[in-house]
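The values are calculated or read from the model by the stated rules, or taken from the named source; none is laboratory data. Not measured: the values here are computed from a predicted model. Heads up, the Cβs are rebuilt from the backbone with ideal geometry, glycines too, and the neighbour counts pull from every protein chain shown. The accessibility values were calculated without ligands, DNA or RNA, using every heavy atom of the protein model including side chains. Shrake-Rupley method; radii C 1.70, N 1.55, O 1.52, S 1.80 Å.
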Amino acid sequence: MTVLTQFVVGLVFGLGLLLSGMSNPEKVLDFLDLAAIRSGGWDPSLIFVMAGAVAVTFVGFRLIFRRQRPLLDDRFHLPSSQTLDWRIAIGPAILGIGWGLAGICPGPAFVALGYGSPAIVLFVVAMLIGMAAARLFASRQPSLSTAASE
């Protein structure tokens with residue numbers, strides 16, 4: 001994939017996040033605040049964003065996997081292992097907790113840097129430090145499947 005293609009895909013994705021409100025932590029927190037349903041403070045609009053994303057992904061995968069190879073690469077790069085390990089359980093849990101607390105996750109965080117908010121800058125710095133620490137920790141720990149086979 002060329003750098004220009006990557007830039008255009010990233011730009012379209014970022015614009016989608018921006019226009020949908022997914023890069024606005026307040027909007028995300030209003031969506032996640034189910035306790036506010038009774039008071040009318042709950043914002044359900046992101047359901048439509050997520051439903052649209054799931055629909056596009058569902059159709060897209062069906063169309064893409066009919067091809068012998070991707071448009072911009074010589075082969076599909078799919079996971080070869082179907083073994084579950086601790087990272088598959090803990091990683092999404094940490095992401096979900098962080099998303100619920102901060103109202104933002106990695107993709108939208110980079111888009112939200114354009115707001116110039118010090119809180120977003122701090123979030124991205126902390127996220128990058130956390131990602132580096134997780135890689136360091138994971139490189140030193142065996143997976144559950146490796147530990148079980150020993």
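Assorted remarks:
- Checked against the criteria, Pro108 does not count as under 21 Å from the mean Cα position of the chain (by Cα), on the phi < 0 side of the Ramachandran plot and surrounded by fewer than 12 Cβ atoms within 10 Å (Cβ to Cβ).
- Total residues in the stretch 92-108, condition in contact (Cβ under 8 Å) with a residue 40 or more places away in the chain, in contact with a Pro (Cβ under 9 Å, 6 or more places away or on another chain) and in a helix (DSSP H, G or I): 2
- Tabulated pairs, the stretch 1-21, first under 24 Å from Phe76 (Cβ atoms), second assigned to a loop (DSSP other than H, G, I, E, B), C-beta under 6 angstrom, 6+ apart or interchain: Met1/Leu72
- Extreme residue, nearest to Asp85 (Cα to Cα), among residues of the stretch 120-146 that are in a helix (DSSP H, G or I), at pLDDT below 85 and open to solvent by 50 Å² or more (accessible area, probe 1.4 Å): Leu144
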